[in-house]
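Read-outs throughout are calculated quantities, based only on the coordinates presented, and are distinct from any laboratory measurement. Model, not experiment: these values are computed from the prediction. Neighbour counts are summed over all protein chains in view; Cβ atoms, including those assigned to glycine, are modelled from backbone coordinates with ideal geometry.
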């Protein structure tokens, strides 16, 4: 049963950084909640701050100011060691450019996460195998990234993110480098994870047709939220 | 910690297994040359030392030597001491010697030498003098007015051109000897000895009885030294203790004690060369291992960022690079040893030669080998740790996207 309490709470989040002498306000006071089991799309034009927002949500970047809690835990101010552990055990992150280790096979790229969680090698491999089967790569476990297509690489990245069944899955334009057919397959996988396993997903995208898979859309422009609406099917 | 090691090992294994093979081979080859450099020159110097020490044992001092007490010119009661020493269980043989300075002249040439008075039959058991006579014969116990001259002073042996010599002395030549007490003698050259070493080839030998008569100490049982050979190598210290236990007032030295002083003098410049060579090797080696690892790590900066972003701990990343660095160094050491073996085999057939026949072979001692391996491993640990630690200190964004 899903809780009504938001899993993510964002309040007045700001991220400013300097480029030369110019201060760029990538996020300029963003506030919203995400409930457990939601499939949220963050949309907006280039430079609107959506990737910056997702990186902060994934604990890869830090906000300049504002509050960000996950299950009422102030994750922004966690010590670095705890942040790494939290990212490992609670969050999944799918990068736009796959971010796979080129010298590791598909299964190694995935099971390294379980090893880090102190599972045995056998358990880790079994978990990774299941995750790869879930994204349809059960027959390509030993391929290295160079031997996989763009779509397959992205599926390995998804398998890595979901292998530990994280509370929240963040995806940064996961279909940016994929053709329409492969993009659709990828989004079907996200939808399945969301509907079948109740995975909370926050995805950055700029493609309108992707919204048919999500349950909520937040639009950003110039670092501010311009709209926040549910999608009813 | 154990999970960090497991993850570090997995990433290191993948990196080595699927990394660029040419780069890996190049790194290992360079490391093998660094290792070879660390062991080759010292082992060659060691080989030279062994050779010198061998000479010291085989000619000058045996395994244990007794010399006169301070203030004395001779060992008094030498025959009695000799009898007692020969009765010791661990003693193989012992011989007394007399030593005196003299000048030898032949035709218009004159050289200063040390003349050794030996008991020829005893000398066969304690030294190699009787076995290095290249021309003619060794002395007999009854020899009088006969002399063995070293090849360098005879002017016939290798190295004679750099010393004053008598100019082509032959067997049967008559040479004039003038001793420190102004006594003049004429000797017939019975043999020419060639040990390819100054200690033997710049000296001359006459019989003990002959020198006793020259010095006017006949029947006084005196000697300049007593040279002793032990039955088994390693018993020198025991034999020395036993001799001292006999209440002898004279000085007793093992060959190690004698060699230490001699080699210290003889090898000071070699040691400097060795130390300078080692320091240069270490600096070059450490820099190279560091540069290779640093470039390797920087090339994988993005990968390190990715690993951190997906939850892999910085410790795992550092351990991974230490494993990679250790792998390169271990392979470098193995290849270095193979190269050293080939070089040693080559030098067995083509040795480095001094004076035409003094052959130097590299001698690799376990302590030097262990020291060099330890140095290489320490360098690799530092070179594996430092660059990866620096990169893991960067933020994930900087590492993955090289953000300014």
Do you know the relative contact order of chain B, to the nearest whole percent, from alpha carbon pairs under 8 angstrom that are 6+ apart? 27 percent
In degrees from 0 to 90, rounded to the nearest 10, what is the angle of the helix B:2-18 Cα long axis to the longest principal axis of chain B? 80 degrees
Restricting to the protein assembly as shown, compute how many DSSP beta bridges are antiparallel as a %, nearest 5. 70 percent
In percent, how large is the relative contact order of region B:69-249, given Cα pairs closer than 8 Å and 6 or more residues apart? 32 percent
How many angstrom lie between the Cα centre of region A:42-89 and the Cα centre of region B:71-110? 91 Å
Give the Rg (one decimal place) followed by the Dmax (whole number) of the protein assembly as shown, computed from C-alpha coordinates and expressed in Å. 41.9, 130
Using Cβ counts within 10 Å as a stand-in for footprinting exposure, how do B:290, B:9, A:170 rank, fewest first? B:9, B:290, A:170
Helix B:366-393: angle to the longest alpha-carbon principal axis of chain B, degrees 0 to 90, nearest 10? 20 degrees
Between the helical axis of B:21-55 and the dominant principal axis of chain B, each derived from Cα atoms, what acute angle in degrees is found, rounded to the nearest 10? 20 degrees
Pairwise centroid distance, computed over Cα atoms, of region B:230-258 with region B:134-152, Å: 30 Å
For region B:18-79, state the average projected area of the convex hull of the C-alpha atoms over all orientations, rounded to one decimal in nm². 7.7 nm²
Computed helical MRE - 222 nm, chain B, DSSP H runs ≥ 4 contributing -39500 (n - 2.57), nearest 500: -17500 deg cm²/dmol
Report, in deg cm²/dmol and to the nearest 500, the calculated mean residue ellipticity at 222 nm for chain A, where each DSSP H run with n ≥ 4 adds -39500 (n - 2.57) and the sum is divided by the residue count. -10000 deg cm²/dmol
